[in-house]
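Remarks on the structure that follows.
The values are calculated or read from the model by the stated rules, or taken from the named source; none is laboratory data. The structure displayed is predicted, hence computed values, not measured ones. So basically every Cβ, Gly included, is an ideal-geometry build from the backbone, and we count neighbours across all protein chains shown. Just the protein is used for accessible areas: all its heavy atoms, side chains included, with ligands, DNA and RNA removed. Shrake-Rupley method; radii C 1.70, N 1.55, O 1.52, S 1.80 Å.
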Amino acid sequence: MSLARRGGDRAPSAYADAAEFEPRIDQRRRLGAVFLAACVVATAVGLVALVVLLVDVAADGLGALSWHFLTGKPSRFASRAGLGPAFVGTLWVLLVTAAASFPLGVATAIWLEEYAPNNRWRRMVQINIANLAGVPSVVYGILGLAVFVRWMQLGRSVAAGGLTLTLLILPVIIIAAQEAIRAVPNSIRLGAYGLGATKWQVVSHHVLPMALPGILTGTILALSRAVGETAPLIMIGALLFVPFVPRGLLDSFTVIPMQVYNWIGRPQPEFHDLAAGGIMVLLAVLLTMNTAAILLRNRYTRDDS
């Protein structure tokens, strides 16, 4: 029986379905226009809220920005107060967090994607990592208080704060690194195996270099989240008033969000302006980190191409 004949056998029902089909072009166009309008309104709401926030913070905080504000020490007098110890403490905590979270996160992602067998144990680990990414930050603060401050006896130090924030962003880095490794084409691995490469050579010479832009982007964005966190540091007992710059891992510390929290809680309006200035400095740090993530991604993407 020919194809035409077989098609002809199905023709009555097919023609019947085609006859029942109503294009409803005007209705679909109206629905499309409504959906487009809803998307534009949602985008505009977010942008307007962001612009209002930035303008309000800039109007209050621009007058407080100065070299003395960035390098000075906190004081009970608003005219003498500065952000120096909090700014340096933020850099210290970020350094400890990055040094601890990046190797742990990337190594875990490599094991899960390249070495771990696809069994119940691996799936259980994967589900727990995904769940940990959604745990509230204050829970990590309680864990950091129990493990780093009391059990390891690190006290209210830079090391305890950095390791607590490491727990907070580690699931995010693992998931981002897994997605970047998973995006590497499998043909790259098969080609390397075909030329006699070992598992480690395939991972180190081919998979990791190709996944590096995504891994770095995810890591920097996770660190951007860590730099704005306050709740875990409050839980481990980070100090609100630190009149000196931390010089080691075991020194007491404070960070910019804690200093802003301290200033905004005071009744004097001058301290509220200082808090707005601190927010602007924190936003500048976040924008710098996000810009670095974009530049790193673009550079390595060009190198790969």
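What do you reckon, is residue 216 open to solvent by less than 30 Å² (accessible area, probe 1.4 Å), touching a residue at least 24 places away in the same chain (Cβ under 8 Å), part of a helix (DSSP H, G or I) and closer than 23 Å to residue 110 by Cβ? Taking the combined requirement at face value, the residue does not satisfy it.
Scanning the range 170-194 for residues that are over 24 Å from residue 296 (Cβ atoms) and either in contact with a Lys or Arg (Cβ under 7 Å, 6 or more places away or on another chain) or open to solvent by less than 10 Å² (accessible area, probe 1.4 Å) (or both) turns up just one, 192.
Going through (1) open to solvent by 30 Å² or more (accessible area, probe 1.4 Å); (2) modelled with pLDDT of 90 or more one by one, residue 209 falls short only on (2). Checked against (1) open to solvent by 70 Å² or more (accessible area, probe 1.4 Å); (2) assigned to a loop (DSSP other than H, G, I, E, B); (3) at pLDDT 85 or above, residue 197 meets all criteria but (1). Residue count for the range 51-105 satisfying the condition of being part of a loop (DSSP other than H, G, I, E, B) and open to solvent by 30 Å² or more (accessible area, probe 1.4 Å): 7. Is there a residue being open to solvent by less than 10 Å² (accessible area, probe 1.4 Å), of a type outside the set (S, T, N, Q), in contact (Cβ under 8 Å) with a residue 12 or more places away in the chain and not in a loop (DSSP other than H, G, I, E, B) anywhere in the range 239-246? Checked the range 239-246: no residue is open to solvent by less than 10 Å² (accessible area, probe 1.4 Å), of a type outside the set (S, T, N, Q), in contact (Cβ under 8 Å) with a residue 12 or more places away in the chain and not in a loop (DSSP other than H, G, I, E, B). In the range 222-245, is there at least one residue being at pLDDT 85 or above and of a type in the set (Ser, Thr, Tyr)? Taking every residue of the range 222-245 in turn, none turns out to be at pLDDT 85 or above and of a type in the set (Ser, Thr, Tyr).
Taking the condition in contact with a Lys or Arg (Cβ under 6 Å, 6 or more places away or on another chain), closer than 28 Å to residue 135 by Cβ and buried (at least 17 other Cβ atoms within 10 Å of the Cβ), does residue 252 pass?
Working: in contact with a Lys or Arg (Cβ under 6 Å, 6 or more places away or on another chain): yes; closer than 28 Å to residue 135 by Cβ: yes; buried (at least 17 other Cβ atoms within 10 Å of the Cβ): yes.
Here the answer is yes, as residue 252 does meet what is asked.
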